[in-house]
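Here's the structure, in structure tokens; my notes come after.
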Amino acid sequence: EISLMGIPTLTIISVLIPLVWVYLDANPSLYVHDALLTAMQSKSLRDDVFIKGTLQSPSRQRRRILGNNNLEGKTVWITGASSGIGAEMAIQLTLAGVTRMVLSGRRKERLEEVAEICRQASEARENARGSKELMSECPEAFEVIIVPVDLAGGNEAIDTAVSDTLSAVGPSGIDILILNAGKYQLSPALETDVDSVLPEIMQLNFASSVQLSNKVIQADRWKDQKNRRRRHIVVTSSVMSRGPNGLNAIYSASKHALRAYFQTLAAEERSWLRVDVACPGGTATELWDSAAASSSQNVEGNANGIKPYADDRSKMDVQRCAQLVVSGMIGPGFLFHEMWITNQPGLLWVYLSTYAPSIFRPMNDLIASLRVEIWRKNGSDPLYLPTLLRYLFLGDDATVKSKM
């Protein structure tokens with residue numbers, strides 16, 4: 001029997017569960033910190049701003065301005081900045097007061113577009129200086145630098161990029177290094193051309209970030225006692241670094257390696273280095289457009305030649321994802337050294353894989369088999385829970401194809 005005292009508790013739980021499912025899109029500490037940061041800082045500056053979007057989302061988009069935070073006056077280098085999370089982070093870091101921004105990626109014309117949006121963002125921030133107590137007293141002029149690089153090119157390309165970047169920023173060096181470049185893989189493990197896909201994915205998603213960070217630390221003398229100040233590395237890993245995921249064996253492995261390496265580095269060099277590992281889930285970016293797929297086709301796609309795509313309804317908005325990462329960077333490192341950022345059920349997936357592996361394993365086995373079956377039929381990356389449930393119970397694999 002349920003006592004009268006238990007009725008209010010059940011009522012509260014019945015209300016909280018759907019609210020959490022709908023609104024919670026990050027680990028709770030990050031979600032609360034972001035909400036407080038947005039409410040206290042951006043509102044104090046009186047307005048958010050509408051500035052031009054990117055090629056992916058060309059409409060004018062609303063973004064917050066942040067003042068009086070630990071990012072003001074910093075020099076930031078972002079890889080993978082030509083689109084997606086990297087491009088959006090560049091814009092939002094500019095609105096947070098970063099003084100010098102270095103943008104790197106393969107596509108110079110896209111980097112130039114992002115650079116122009118950053119300049120607009122810097123101008124918008126200056127125009128919002130009515131609340132001067134929240135801004136730096138003597139802000140430096142904003143500068144954006146473009147350093148094109150293909151990180152798949154190995155040591156030679158990385159050496160050139162590091163040399164060009166440090167020459168451009170001058171003796172002040174790099175304060176924050178954001179390692180965001182990566183490539184997706186979508187195919188069953190035994191149907192993947194491991195001879196080509198494995199080295200490609202591991203080089204771009206893992207090895208290039210290790211190589212680049214090591215070369216920056218050495219060339220910019222981060223450990224030099226005379227030059228020492230607290231430095232910051234932000235790594236874009238994935239929720240797939242928290243557990244296995246069907247269709248993504250090599251991609252998941254590369255993200256596991258990335259998270260493990262940089263968290264180990266952070267532990268070893270904690271006296272002068274902060275490392276934040278961002279683990280986003282499916283996000284509305286161009287990730288699927290260049291995904292490495294199975295070895296049984298002549299074009300990228302499944303065995304039927306269908307290019308990979310993901311249901312739009314499964315993706316987090318890229319602006320929201322970048323905002324949460326920036327909020328974590330501003331917050332204390334002991335809370336946000338690892339950030340889980342994803343819509344449901346992705347967040348539940350992470351919690352189960354981390355804290356309840358005996359429950360997670362049979363659920364994940366079922367989900368993996370369903371994902372492979374749907375991929376074989378229509379080439380989609382079935383991340384949307386209702387799609388999986390419909391296929392399980394009704395045999396219906398209807399999805400909404402990405403418009404990206």
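Points to keep in mind about this one:
- Evaluated at q = 0.14, 0.15, 0.16, 0.28 Å⁻¹: base-10 log I(q)/I(0), Debye formula over Cα of segment 156-227: -0.55, -0.60, -0.65, -1.31
- Within straight-line cross-link reach of residue 74, aspartates and glutamates at Cα separation under 13 Å, skipping those fewer than 8 residues along the same chain: 140, 143, 175
- Accessible surface of residue 335 - all protein chains present, 1.4 Å probe, nearest 10 Å²: 70
- Percentage relative contact order, segment 218-282, counting C-alpha pairs under 8 Å, at least six apart: 45
- Of the residues 224, 34, the one with the largest accessible area comes first in the ranking 224, 34, computed with a 1.4 Å probe on protein heavy atoms.
- Only protein heavy atoms count here; under a 1.4 Å probe, residue 147 has an accessible surface of about 10 Å².
- Using the Cα coordinates of segment 253-389, the gyration tensor eigenvalues translate into equivalent-ellipsoid semi-axes of 30, 18, 16 Å, sorted from longest to shortest.
- The dipole here belongs to segment 208-259: it is taken about the Cα centre, uses +1 on the Cβ of Lys and Arg and -1 on the Cβ of Asp and Glu, and is about 360 debye.
- Ligands, DNA and RNA aside, residue 329 has an accessible area near 0 Å² when probed at 1.4 Å.
- Ordering of 78-89, 155-166 by packing [mean C-beta count within 10 Å, highest first]: 78-89, 155-166
- Scoring 202-213, 96-107 by mean Cβ neighbours within 10 Å over their residues and listing the highest first yields 96-107, 202-213.
- Percent accessible area from carbon and sulfur atoms, segment 166-222, protein chains only, probe 1.4 Å: 58
- Projected label distance in nm at residue 190 and residue 21, using a 7 Å step from Cα toward the beta-carbon: 3.6
- With the simple spin-label model, which puts each label point 7 Å out from Cα in the Cβ direction, the residue 35 to residue 160 separation comes to 4.9 nm.
The values are calculated or read from the model by the stated rules, or taken from the named source; none is laboratory data. Because the structure is a prediction, the values reported are computed rather than measured. In this analysis, Cβ positions are derived from the backbone assuming ideal geometry, glycine residues included, and neighbour counts consider all displayed protein chains. Heads up: the accessible areas ignore ligands, DNA and RNA and are worked out on the full protein's heavy atoms, side chains in. Shrake-Rupley method; radii C 1.70, N 1.55, O 1.52, S 1.80 Å.
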